[in-house]
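The structure appears below as structure tokens.
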Amino acid sequence: MFDFVNESKIRKAAYFAGGVLFGTAGIKLLASKDAKKVYVNSLAAALRVKEGVMKTAVTIQENAEDILAEANQINEERMEEELAFEDKAFKDWEEQEEK
């Protein structure tokens, strides 16, 4: 029974030591000049993508504003036509009432 406890403790200690070794190596690797070049190039690529997305978003927004303006114009023209029709209908009704 004690052998199992000792093996478990040894195994856990080995995992911990391995984690420390990989962690230390990882930090050294991530702080290297080559890694920094990769970070800079990756960030530059991400910024280029962001710029492209922003240009596309602006274009879409401008198109949507144009569509909205045209739709409002159509509704205004329709409203004017309806008012003109109602005015004419009211005048016709008044003329018939006078007769």
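The values are calculated or read from the model by the stated rules, or taken from the named source; none is laboratory data. Just so it is clear, the structure is predicted and the values come from calculations on it, not from any experiment. So basically every Cβ, Gly included, is an ideal-geometry build from the backbone, and we count neighbours across all protein chains shown.
A few notes on this one:
- All told, residue 37 meets the bar of being modelled with pLDDT under 95 and of a type in the set (D, E, K, R).
- Flag for residue 7 being surrounded by 10 or more Cβ atoms within 10 Å (Cβ to Cβ) and not hydrophobic (A, V, I, L, M, F, W, C): yes
- Criterion violated by residue 72 - all others in (1) surrounded by 10 or more Cβ atoms within 10 Å (Cβ to Cβ); (2) modelled with pLDDT under 85; (3) polar (S, T, N, Q) satisfied: (2)
- Of the residues 62, 81, the single one that is of a type outside the set (Phe, Trp, Tyr), assigned to a helix (DSSP H, G or I), surrounded by 10 or more Cβ atoms within 10 Å (Cβ to Cβ) and modelled with pLDDT of 95 or more is 62.
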